[in-house]
Every structure is written in structure tokens, then in C-alpha cells.
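The values are calculated or read from the model by the stated rules, or taken from the named source; none is laboratory data. Bear in mind the structure is a predicted one, so any value in this text is a computation, not a measurement. Counting neighbours? That spans all protein chains shown, and the Cβs are built from the backbone with ideal geometry, glycine included. Calculation scope for accessible area: heavy atoms of the full protein, side chains included, ligands and nucleic acids excluded. Shrake-Rupley method; radii C 1.70, N 1.55, O 1.52, S 1.80 Å.
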Amino acid sequence: TEREHFAPLFRQHGVVLVLQGHVHGYERFVDDQITFITTGGGGASLHDLDERVDDRPQEAALREASAKRHHAIVFDVDSTSLSGRVVSDDDELLDEFVITVP
């Protein structure tokens, strides 16, 4: 996967958060202390996020949260951490997380 390809480079340079688009929905994965977020909940038609879960069990095991919902992510950053709240378009809290900054 792309994650396997780029993760060594991210670890080498101290990357703790990777934000990416493409899939219309929300997914958060954690792999060896790197958080990967795929977010595309701005208004287009949403994808079935579980469509290929059975085909990729190693990837599925890393997924900590997902939502087939329109959403936004709100980040709060300070000198020691980055926290995020994922909120749906009707103001429902879908996920929240904290990432410690080295």
C-alpha cells in the first residue's frame, strides 16, 4: 500500500500526522505512532468505506474510526499535542483524537 511505501520516510522525518483526500467519507488509521486521516466529507456523494475491508485485513486492523458522513475536522494545536474533533454536518461528534507532538 502507499502507507507501507511512505511510512519509513515519515518516521525518518518525525511525521506524526498525514492528511489525505480522495475517499468521500472519513477514516482514521494509526500505524506505528503515525496517524493517517483520509477526509472527504465536504458535500459530494459518499463512498462505502467498508466495501473492501475483507480484501485488506491488515489495513482494516489499523483503522480506528470511520464514518460515511459529511463532516469537518476541527484541530487544536499546542506545544505538546494536536487534537482533533470530527463533526458531522448536523453537529454530531463522529470521532476525536489526540496526537502527542515530539
Exercise for the section: Mind listing whichever residues of the range 78-102 are open to solvent by 60 Å² or more (accessible area, probe 1.4 Å) and over 12 Å from THR35 (Cα atoms)? Expected result: ASP78, SER79, THR80, ARG85, ASP89, ASP90, ASP91, GLU92, LEU93, GLU96, PRO102
Exercise for the section: Would you mind stating whether VAL16 is touching a Pro at 6+ places or on another chain (Cβ under 8 Å) and of a type outside the set (Phe, Trp, Tyr)? Expected result: yes
Practice task
Could you tell me which residue of the range 28-48 is nearest to VAL86 (Cα to Cα), considering only residues that are of a type in the set (S, T, N, Q) and part of a strand (DSSP E or B)?
Solution key: THR39
Completion exercise
Per the list (1) without any contact (Cβ under 8 Å) to a residue 40 or more places away in the chain; (2) assigned to a loop (DSSP other than H, G, I, E, B), residue check on GLY14 breaks on (1)
Exercise for the section: Kindly indicate the residue of the range 78-91 that is charged (D, E, K, R) and touching a residue at least 12 places away in the same chain (Cβ under 8 Å) and also nearest to LEU46 (Cα to Cα) among those meeting that condition. Expected result: ASP89
Problem - ILE73, sole failed condition from (1) part of a loop (DSSP other than H, G, I, E, B); (2) at pLDDT 95 or above; (3) aliphatic (A, V, I, L, M) - result: (1)
Handout entry: Scope the range 47-56; condition touching a Gly at 6+ places or on another chain (Cβ under 7 Å) and either among the polar types (S, T, N, Q) or open to solvent by less than 50 Å² (accessible area, probe 1.4 Å) (or both); matching residues
Key = LEU49
Handout entry: Residue check for PHE75: of a type in the set (Phe, Trp, Tyr), closer than 25 Å to LEU93 by Cβ and either in contact (Cβ under 8 Å) with a residue 60 or more places away in the chain or open to solvent by 40 Å² or more (accessible area, probe 1.4 Å) (or both)
Key = yes
Fill in the blank from the handout: Those residues of the range 16-38 that are open to solvent by less than 50 Å² (accessible area, probe 1.4 Å) and either over 26 Å from PRO102 (Cβ atoms) or in contact with a strand residue (DSSP E or B) (Cβ under 7 Å, 6 or more places away or on another chain) (or both) come to a total of 16
Handout entry: Meets criteria (open to solvent by 90 Å² or more (accessible area, probe 1.4 Å), out of contact with any Cys (no Cβ under 8 Å at 6 or more places or on another chain) and of a type outside the set (S, T, N, Q)) for GLU59
Key = no
